[in-house]
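Student: If you scroll down you'll find the structure; I have some questions about it.
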Amino acid sequence: MISKYTGHFVEVIERGAVLDEVVDASDESSAESEVFPMLGVEEASSSLRTGLSIKQTQNTKHKRKWDRKNACFFCGEFKAKIPRHLEERHSCETEVAKFMALPKGSKERRLILKELTNKGNFAYNIAVLEKGNGELLPTKRPSKQQCVKPDQYSPCEFCLGFYIKRDLWKHQKNCQHNTKTDGTVNRGVKSRSALLLPSPAINNEKITEILKTMQDDEVTKVVRNDILILTFGEKLLKVGKEQHNRHFISQKMRELGRFVLKVQEIEKEELSLEDTIYASRFLKNVNAVKYLAGFDEDNQTYRIPTLALKLGTSLKKCAKIVKAQALLKGDISKKKDADDFYELCEMEWNDTVSATALKTLKEKKWNKPQMLPIVEDISSLHAHLKVAGSKYMQEIKDNASENTWYILAKIILTEVILFNRRRSGEASRIKVEDYQKIKSGADVEMNKQLSKLEQKLCSSLHRFEVKGKRGNKVPILLTDEMKKRVDILMEYRNTAGVLPTNPYVFAIPQSDNCLRGSDCLRKFAMECGAKHPENITSTRLRKHIATLSQLYNLKENEMDILAQFMGHDIRIHRNFYRLPEDTLQMATVSKILLAQENGKVFDFKGKSLEDIEVNMEVDEKDEEDEEEEDQLNTESDICETEDEMEGKVQQNAESTKNSSKRKQKRIPWTESEKKAVKSELGHFITKMKVPGKLECDRCLKNKKELSRRSWKDIKNYIHNTVQTMKRKFGFNN
């Protein structure tokens, strides 16, 4: 409705002078028939030269000057006494008739009058901003001592009054026209208010919602006013329609906004993104990208290599958009410019930007350890979730509340991610309609072909499918206990304040969004007392199960089933989810190198890497090397005492060839001892590594079951276990 009246003010601003007819005769005594301060002849012409400005108050400490005039919402005239003007000239208007019917001095009358005054000033301010010249009318005019610029003002989304951006949240907190009661007023205040300001024509409500979430800064200002960046966002929005893709789209648009800002800074002129889509500007664009990505000329490296790669892709996409628009308009010249720029990007961008950025990325990954979660931490997290889940299940049954439901939803979501090794986003976005299609057990004919254990597993698990990466369907498995908990969530959705329009199982109350699985997993990993909670992420959990699946010597079809469950392409599964390269190289290739060093190459003729055994000599003089390189050739636990080792050294010094190793009597390992070692040092077995003396001593101290063992016994046991696993399951393949 307000845009209907902005034409009044556009006409006044274009003339740049005040018309006598806008002065009401009833106000001549107070205004003395003077020209309006905000659009006086001299000031208007000054505004046209200097652009936007802010009307300042003329008040002093000792005297107040009554010179403020407000714009009439209905006729566009400026009046010092808006109530009298409305009653005399616009009494037929519904809003005016409404406030005239109320008693003078009443709160309701003041609210309606304030609303009409703000609407008139808002319409005038919008006309000034669209024209780019004139004085803005803020609700509170700054003094001459205050250095406030016009772009520091923004309208309140409730009353439409213009306030300084940094103080807008304070006003909205007490704004009498504020109808929000959900406590979200202070979040995104500046972003929402900026959407009320004029911007290039865009009719996509979803893009408008994305703009609301952006931080109100110079980058966002560029994005809002650049039609090509907004069109780029619309194109991405059509591909990624899901709610969670909006953050990604916001990032891509802001990347282009930062690029435009850097170009403007280098060129020292106002340029839009479309102005950069020219072949003649290619090298300047490359320089701007290098500045943004932190390119080091001396070392030929990027500080942010991914940004350089992303901007190249986005600029080529923008060139296609410009070409498409040129074709629709029949602009052959613009089409040729876009074609030339795109072709130049295809030919030169890799050599000038991408090759160096990719090189920097690869170098950053060198010698970077691949950290996976340890079994002990995962067990601790499972136990913690089980206890917490039982507690809140009982609490929600006794006294259901929004907070209890919210915490229980976080617990169950974490359990689903942990049990299924799902991507956190896939589990978070489970929809109610997908969960309602859950089914248990196997088909009758298929069930006959399964073993008793497999039949029991099928009967105790529940399965349904959700949308995964690239639109592929991925399965979700739930145990009986997990299904009961999800059913409780579904039962108490209304009690918890979940909106009927929210389609997600793990919904956020009073919102249309869902919980973030990564946040939930991180929260409970910290709470469970894990030794390395930073390693418990959905990505590393997925790598953990895919990597350790090699221990089970799966067949080709079984590997395909696992990869399909994980949502992987089988080629990706084989190439990226394998044992760490350092483990493979130390366990396999090192055998060949040591055999060559010992001159025993031909002794292993016809043998595979799995069958090759290399003896490692131990340096008795270096205790640290002894701890790290202690090797045994059999699976029996053989320990030589220091006296025996000294005797062996003396025999070697005397060239006694008939010396032999004395063996201690082998003490069989009991199940309780094995279990104690694995519970304390199981992560070393997982990583295919042998612990040192300190770790073994700590294990002895913590586990009473190992009272008859020495630290070397424990070390040798883990070493033998690791070697057996490598030999049995063929990690050298």
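FYI, it's all coordinate maths here, none of it is from the lab. Quick caveat: nothing in here was measured; it's all calculated off a predicted structure. Here the Cβ positions follow ideal geometry from the backbone for every residue, glycine too, while neighbour counts run over all protein chains shown.
Student: Efficiency by 1/(1 + (r/R0)^6): what FRET value for Thr539 and Arg727, r their Cβ-Cβ distance, R0 = 30 Å, to the nearest 0.05? Each step should come with its number before you reach the end.
Tutor: Numbers: r = 30 Å, r/R0 = 1.01.
About 0.50, to the nearest 0.05.
Student: So, one more: Can you tell me which of 473-486, 60-73 comes out highest on packing, and rank the rest after it, using the mean Cβ neighbours within 10 Å? Please list the in-between numbers first.
Tutor: Numbers: 473-486: 16.5, 60-73: 14.9.
Descending mean neighbour count gives 473-486, 60-73.
Student: Given labels modelled 7 Å from the Cα in the Cβ direction, how far is it in nm from Gln394 to Lys170?
Tutor: Here the answer is 5.0 nm between the modelled labels.
Student: If you take the beta carbon distance between Gln215 and Lys238 as r and set R0 to 30 Å, what does 1/(1 + (r/R0)^6) give as a FRET efficiency, to the nearest 0.05?
Tutor: On the way: r = 25 Å, r/R0 = 0.83.
Calculated value: 0.75.
Student: Separate question: What is the gain in length, in nm to one decimal, between Val387 and Leu271 on full extension, counting 0.36 nm per residue of separation less the C-alpha to C-alpha distance? Provide the component values of the computation, followed by the final result.
Tutor: On the way: separation 116, 0.36 × 116 = 41.76 nm, distance 5.95 nm.
Gain on stretching Val387 to Leu271: 35.8 nm.
Student: What FRET efficiency would be calculated for the residue pair Lys107, Lys284, taking the C-beta separation as r and a Förster radius of 60 Å, to the nearest 0.05?
Tutor: On the way: r = 60 Å, r/R0 = 0.99.
Efficiency at R0 = 60 Å is approximately 0.50.
Student: Also: Figure the gain on full extension for Lys317 and Glu671 (residue separation times 0.36 nm, minus the Cα-Cα span) and round it to one decimal in nm.
Tutor: On the way: separation 354, 0.36 × 354 = 127.44 nm, distance 6.28 nm.
Contour length minus the Cα-Cα distance gives 121.2 nm.
Student: Are there GluC sites (Glu not before Pro) in the stretch 294-348 that DSSP puts in a loop and that have at most 14 other Cβ atoms within 10 Å, and which ones? Write down the numbers at each step before the final one.
Tutor: Working: sites: Glu297, Glu343, Glu346, Glu348; in loops: Glu297.
Loop-located and lightly packed - Glu297.
Student: Give me the extension gain from Asp296 to Gln56: residue separation times 0.36 nm, minus the current Cα-Cα distance, reported in nm with one decimal.
Tutor: Result: 81.6 nm gained on full extension.
Student: At 7 Å along Cα-to-Cβ for each site, give me the label-to-label distance between Asn513 and Lys149 in nm.
Tutor: Output for this residue pair reads 3.1 nm.
Student: If you don't mind, another one. Which links in Lys365/Lys689; Lys543/Lys693; Lys437/Lys467; Lys107/Lys170; Lys119/Lys235; Lys149/Lys262 stretch past 25 Å when you go from one Cα to the other? Write out the running numbers ahead of the final one.
Tutor: On the way: Lys365/Lys689 22 Å; Lys543/Lys693 29 Å; Lys437/Lys467 13 Å; Lys107/Lys170 21 Å; Lys119/Lys235 35 Å; Lys149/Lys262 22 Å.
Cα-Cα > 25 Å for Lys543/Lys693; Lys119/Lys235; rest within.
Student: Related question: Hey, got the dipole for the stretch 205-365? About the Cα centre, +1 on K and R Cβ, -1 on D and E Cβ, debye to the nearest 20?
Tutor: Values: 30 positive and 27 negative charges, 137 e Å.
Roughly 660 debye, rounded to the nearest 20.
Student: Could you tell me which of rounded, prolate or oblate describes the stretch 205-365, using a ≥ b ≥ c as the square roots of the eigenvalues of the alpha-carbon gyration tensor, with rounded for a/c under 1.5 and, failing that, prolate when a/b is larger than b/c and oblate otherwise? Write down the numbers at each step before the final one.
Tutor: Details: a/c = 1.57, a/b = 1.17, b/c = 1.35.
Oblate, because a/c is 1.5 or more while a/b does not exceed b/c.
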